[in-house]
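**Q** Next up is a structure, given as C-alpha cells.
The values are calculated or read from the model by the stated rules, or taken from the named source; none is laboratory data. Bear in mind the structure is a predicted one, so any value in this text is a computation, not a measurement. Cβ coordinates were reconstructed from backbone atoms using ideal geometry, including for glycine residues, and neighbour counts include every protein chain displayed.
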Amino acid sequence: MDRCVVLVDAGYLLGAAASLLAGEPSRSRITVDHAALIQGLRDRAESDTERPLLRIYWFDGAPDRVPQPEHRRLRVMPRVTVRLGALTRSDGRWAQKGVDAAMHAELTELARNRACSDVVLVTGDGDLLPGMMAAKEHGVAVHLWAVQAAGSDYNQSEDLVAEADERRVLDRAWITKAVRAKELGGICTTPPAPRPEIAAILSAPLPESALAAATERPDGEPSGVQHPPAARTGNGTGERGPAAAPKGVPTPKDLAALRGPGTQAAQHPAGATLRWSSDRGWVDRTGIAEPPEAASLPTLAQLTTAEQGWADREEDITTVGGDPYEVGEVFARRWMERLPDQGHVQRLSAMYPRIPHRIDGELLRYAARFGLLAHKDDQIDEHDRYAIRAGFWREVGVRTAAEHAPAGD
C-alpha cells in the first residue's frame, strides 16, 4: 500500500527536545502544543515520503499504564493511536518499560501485513534494529528521524542510523513550532497571577468564631499557639491565604496542646473545629461547619441512570481531554442538568467557594479517572485540586448567570 506510517517514541522525542531547549532531558521543563506537534509530524512525513499518511502511532510510558491528560488529548485526534507502556520509579528516577517492545511489534506487524510502503521512526533506541531490518525485508522503506542534539551530544544508535534507508533531522526551528522551554521563576521574577476563580477559592477564610476560639484564651492572652504568617484558607488542601490575615488556623497539634494534661475545662474552646483535607475536601471532626441544607444536595451518582452512566463514560473516553479545569466543568454540567429541583443550584451557590464534602469527594474521585493522581502518594496534586474546583464553580456560575439574565427582545 502506498501509504506512510509514523512511529513516535515520545520519551525520545520530548526528552531530546527538552535537552535541546532547556538543557536537560526532563519533560517537566517544556510545554508541548500536541495538536501543532502532530500536524507537524504529519506534514513532514507526507512531504518526505511523498505518500499520504495512514496513521501516527504515539508510544509512551504511564504509571500503571493509566492514560495521562496528554495521552487523552492525543488519542482523540484524527489519525493518532496511543500505545502505552509502564512507567516505573527506581532510585528516584522514572523509566519506561515495554515501549520498545511495543514499537518493535507494531513495526513488524505493519510490514508483514503490507499496511504501508514507508515507515517513519522517531526514535534513537538501538533495540529497534531487528524490527527495522525485518521491515526492510518485507519491502518497506524505513525513514529515521532524529531530534537535533544539544551541543556535541549524539542521541541515536549508530547501528540504527546505518541501517535506515533515509535519515532526517528535526532541527531547533522545527521543534520550536510546537515545543518551548518553561521559564523558571527566580528571586527577581514576578510569578504569573493566578486565575481569578482559583484565587477566590484560595482566599476564602474560615469562620472567625472558630479561629478566635481556638487561638485565644478567655482572658484574651495568646494560648501559646505559634501563629503562622498567613491563615490557612481554601476548599480543602491547606493552601495559605493572604499574609495580612490576623489569625492563624490551629494545627491538630495546637488543639491537642489546648486539651493537654492539666488544662482547665474553661480553656477548652467549645466552638473550635478541627479540620483537615482529604479526598472529601474539608472534613469536620467536631462541630458542624456545613449548613444543614448541604445534606439535602444529591450526588451525581444518585442522579445518574445506568444509561447515562454509560454515555458519560463514552464521552469521557472520546471527548474530555482531562485538563483539571475542564474536568470540573464537565462534572458540574452533568450534575446541574440532572437535578430535579433547580433550587439545589441556588443553595449550592450560597456555599461558594466551598463545595459540600459529599459532592467534593465525588468530584475528586471522578477526576482521578483522568490520570491526575500524583502516583508517588495516590493523591491529586494540590494545584490540580484547585483547578478542578474552580472549573466546577465556573460552570455553576455560568448556569446561574444564564438563569438570571434578562430575556432578549
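**Q** Among the residues of the stretch 13-24, count how many are buried (at least 18 other Cβ atoms within 10 Å of the Cβ) and not in a helix (DSSP H, G or I).
**A** The number of residues fulfilling the criteria is 0.
**Q** How do the pairs read when you match residues in the stretch 38-52 that are outside the structural domain of LEU14 (by TED's automatic domain parsing) and under 16 Å from THR81 (Cα atoms) with residues anywhere that are at pLDDT below 95 and surrounded by 15 or more Cβ atoms within 10 Å (Cβ to Cβ), using Cβ under 9 Å and keeping only pairs 6 or more apart or on different chains?
**A** Short answer, once both residue conditions are applied: none.
**Q** Evaluate the following for ASP377: is it under 29 Å from ARG89 (Cβ atoms), at pLDDT below 80 and acidic (Asp, Glu)?
**A** Values: under 29 Å from ARG89 (Cβ atoms): yes; at pLDDT below 80: yes; acidic (Asp, Glu): yes.
Yes: the conditions hold for ASP377.
**Q** Now, a different point. Among the residues of the stretch 104-137, count how many are surrounded by 14 or more Cβ atoms within 10 Å (Cβ to Cβ) and either in contact (Cβ under 8 Å) with a residue 40 or more places away in the chain or under 26 Å from VAL66 (Cβ atoms) (or both).
**A** Residues in the stretch 104-137 being surrounded by 14 or more Cβ atoms within 10 Å (Cβ to Cβ) and either in contact (Cβ under 8 Å) with a residue 40 or more places away in the chain or under 26 Å from VAL66 (Cβ atoms) (or both): 17 in total.
**Q** Among the helices (runs of 4 or more DSSP H) confined wholly to the stretch 289-353, which include 1 or more residues that are modelled with pLDDT under 90? Step through it out loud before you land on a result.
**A** Working: elements: 300-303, 306-318, 324-337, 343-349.
Ranges flagged: 306-318, 324-337, 343-349.
**Q** Scan the stretch 85-103 and report the pairs whose first residue is over 14 Å from ASP9 (Cβ atoms) and whose second residue is small (Gly, Ala, Ser) and at pLDDT 80 or above, with Cβ atoms within less than 7 Å and a gap of 6+ or a chain change.
**A** ALA86/GLY61; ALA86/GLY98
**Q** Show me the helices (runs of 4 or more DSSP H) entirely contained within the stretch 72-188 in which 3 or more residues are closer than 19 Å to ALA18 by Cβ.
**A** Working: elements: 99-112, 129-137, 158-163, 172-175.
Output list reads 172-175.
So that you can scan it fast, the table gives a plain yes or no per residue for (1) among the hydroxyl-bearing types (Ser, Thr, Tyr); (2) over 30 Å from MET1 (Cβ atoms); (3) touching an Asp or Glu at 6+ places or on another chain (Cβ under 8 Å):
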| site | (1), (2), (3) |
| --- | --- |
| PRO52 | no, no, yes |
| PHE59 | no, no, yes |
| VAL66 | no, yes, no |
| GLY85 | no, no, yes |
| SER90 | yes, yes, no |
| ASP100 | no, no, yes |
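**Q** Now, a different point. Which count do you get for residues in the stretch 1-37 that are free of Cβ contacts under 8 Å to residues at least 24 places away in the same chain and closer than 23 Å to VAL119 by Cβ?
**A** 1
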